[in-house]
Amino acid sequence: MSTRFPIARLALRSIASRRASAALTCCAVALSVLLVLGVQEMRESARQSFASTIAGTDLLVGPRTSGVNLLLYAVFRIGQPSNNVSWQSYERFATAPGVDWSIPLSLGDSYRGHAVVGTTEAYFRHFRYGRDSRLEMTAGQAFGAGTEAVLGAAAARELDHDVGDEIVIAHGLGATSFLKHDRHPVTVAGILAPTGTVADRAVYVSLATLDRVHETATPSFAPAPADDGGHDHGTAAESGEAGEHGGPGEITAFLLGLESRVQVLRLQRTINEYADEPLTAVIPAVALFELWSVIGVAENALLAVGALAVLTGLVGMLVAILGTLNERRREMAILRSVGARPRQVFLLLVSEAGLLAGAGALLGVALKTAVLGALASPIQTRTGILLESVWPGSAEAVVVAVVTAAGLALGALPAWRAYRNSLADGMTIRL
Amino acid sequence: MTSAIRLAASLALLLAASSAPGQDAPKLTWEEMVPAKTSSDPLAVTSSAPVLALDGRTVQLPGFIVPLESDEGGLISEFLLVPYFGACIHVPPPPPNQLVYVTLEEAFNLVSLQQPYWIEGTLQVEEYSSEVADSHYTMRAERISKYNY
């Protein structure tokens, strides 16, 4: 019997005969699927990008503030530093027993909208991201003591700079500043390999360079003896004029790596209770975890909104199918008259609903691929978030399966009505 | 027939393997991780050294988690296990024999910093004699389960 009634083909034909309303229904489902997939994708990519930004650092130290805030501005460069850390405090803890390495960070300047990070070449030797990956240079080398800069991969690409180019750092964080340190151009010494994190978007200069462009009273930064990694000292003579010792007056924050991670709680306590300056030391993994706890609520709310949008789309489809049931009573009667059973009428409507929902979901996946594909590069430029999996994967397959299943399940409602109708109407119809 | 027996045997093995560690590993308390006082004076300073006899013992230990490292998905892969929550802020940190440096085979999803867990694995005493680092416990966690009050 069922061979005489190829349900799937009938359903397709039936949908084809009402193209306009079917297409609109499909679009409603597709848009809702686009919403839920887009939210999910952004959520995962943001999380991955944040979690990959810092690794292998035992303590992040800054002025007295909350741990999450310190992590946000010192590592992710979101928001503004509230205060600075004195160079004395940095030296005190960078040379504390048990400290293996330290990286000072000085933020607050920009180059054409890219954050300028003042640091030492310890940054390139000790900073880790992702799963304990080190920073690599694609061109040139780390800066020595001279007025040189290293560009993140994205910064170099967007600014179209190469090794040897001269750049002028602007004061402040905007895309431009009307107080430019024009007299102190900086030469690009190296370009970092892409990391997929915010490190790609920054311009790195030595603390001495930053001081020089600011022309502060204590301009020179002498690298600590422990930092002697055999880099080129040829440019050291240039900066030597300003003084042999002492560092910049203040830095924004610093990172510490310990010889033994077990000591981290004790050192954290010591720094937090440091009487000479109010400081905050946080374990990056703990601050990151706290950040997830805050963001998690918003993420779940967004996902719930997405899920509700999908449900709305499917209910819209249900309304469209139910609305046509009366005008299709004659069609059902004809089907019955050529031998279709009420069961087959039921199946026909269920499969129509399933087809519409499935097609809508597939269209949604296609839309999401197209939209995110087009937006991936601007999103990375603006936020530093790298959209990892623009191509559909298992998550998309699950969404398509769930939406199709939900469509089939909801389709049972009009199908049941049609089934009852066709039982009552038989082959004749009283309208 | 033989295949059926083999299947049954492997099933039994599988069951034994999955349930055995939970029953076998003895539960350890944090008090047992402090060496016994040598003097009867209640004011005597308690040692912060680990108990060497615990080296190599497979145990279950309850505690709170201070994350040290997380992977790209935000799952925790290294942490310090401490006997009380807030070990990082309100009070002096626990002495070296009251924390365990735990590494994980597979990163796990920490629900909340306030949630205590049972950690099961083999304790090891990492001996140091330098002035900056102390001897301490380390553990390669084999199983982690929520602690139910």
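Points to keep in mind about this one:
- Looking across segment A:75-95, the residues that are among the small types (G, A, S) and either modelled with pLDDT under 90 or in contact with a helix residue (DSSP H, G or I) (Cβ under 7 Å, 6 or more places away or on another chain) (or both) come down to A:G79, A:S82.
- Checking each residue in segment B:56-94 for being closer than 14 Å to B:W30 by Cα, touching a residue at least 40 places away in the same chain (Cβ under 8 Å) and in a strand (DSSP E or B) picks out B:V59, B:Q60, B:L61, B:P62, B:G63, B:F64, B:L81.
- Of all residue pairs spaced 6 or more apart or on separate chains, those with beta-carbon atoms under 7 Å, a first member in segment A:239-265 that is within 16 Å of A:P104 (Cβ to Cβ) and a second member that is charged (D, E, K, R) and modelled with pLDDT under 85 are A:P248/A:D211.
- Candidates A:A253, A:A287: the one that is within 23 Å of the chain's Cα centre (by Cα), surrounded by 18 or more Cβ atoms within 10 Å (Cβ to Cβ) and at pLDDT 85 or above is A:A287.
- Hits in segment A:317-346 (condition: more than 24 Å from A:L24 (Cβ to Cβ), in a helix (DSSP H, G or I) and of a type outside the set (K, R)): A:A333, A:I334, A:L335, A:S337, A:P342, A:Q344, A:V345, A:F346
- Inside segment A:280-326, residues that are at the interface with chain B (Cβ under 10 Å from one of its Cβ atoms) and more than 19 Å from B:N109 (Cα to Cα) make up a count of 2.
- Scanning segment B:71-93 for residues that are within 9 Å of chain A (Cβ to nearest Cβ) and modelled with pLDDT of 85 or more gives B:L75, B:I76, B:S77, B:E78, B:F79, B:L80, B:V82.
- Single condition A:S110 does not satisfy, out of (1) more than 13 Å from chain B (Cβ to nearest Cβ); (2) among the polar types (S, T, N, Q); (3) in contact with a strand residue (DSSP E or B) (Cβ under 8 Å, 6 or more places away or on another chain); (4) not in a strand (DSSP E or B): (4)
- Picking from residues in segment A:69-97 that are surrounded by fewer than 18 Cβ atoms within 10 Å (Cβ to Cβ) and of a type in the set (G, A, S), the one that is farthest from the other protein chains (Cβ to nearest Cβ) is A:S86.
- The one condition in (1) within 17 Å of B:L28 (Cβ to Cβ); (2) away from every other protein chain (no Cβ under 11 Å) that B:N97 fails to fulfil: (2)
- Condition broken by A:A149, with the remaining ones in (1) assigned to a strand (DSSP E or B); (2) within 14 Å of chain B (Cβ to nearest Cβ); (3) not hydroxyl-bearing (S, T, Y) satisfied: (2)
- Of all residues in segment A:254-275 being under 16 Å from A:Q88 (Cα atoms) and either of a type in the set (S, T, N, Q) or touching a Phe, Trp or Tyr at 6+ places or on another chain (Cβ under 9 Å) (or both), the one that is nearest to the other protein chains (Cβ to nearest Cβ): A:N272
- Where A:G246 falls short, out of the listed (1) part of a helix (DSSP H, G or I); (2) over 22 Å from the mean Cα position of the chain (by Cα); (3) modelled with pLDDT under 90: (1)
- Taken together, A:Q80, A:Q88, A:Q40 contain a single residue that is in the same structural domain as A:R201 (by TED's automatic domain parsing) and assigned to a helix (DSSP H, G or I), which is A:Q88.
- Candidates are the residues of segment B:48-67 that are more than 14 Å from the chain's Cα centre (by Cα) and within 14 Å of another protein chain (Cβ to nearest Cβ); the one that is farthest from B:H136 (Cα to Cα) is B:S48.
- Single residue of segment A:42-68 satisfying the filter (out of contact with any strand residue (DSSP E or B) (no Cβ under 8 Å at 6 or more places or on another chain) and surrounded by fewer than 21 Cβ atoms within 10 Å (Cβ to Cβ)) that is farthest from the other protein chains (Cβ to nearest Cβ): A:M42
The values are calculated or read from the model by the stated rules, or taken from the named source; none is laboratory data. Note that the structure is a prediction, hence the values are computed from the model and not measured. Quick reminder, even Gly has a Cβ in these numbers, built from the backbone with ideal geometry, and neighbours come from all protein chains shown.
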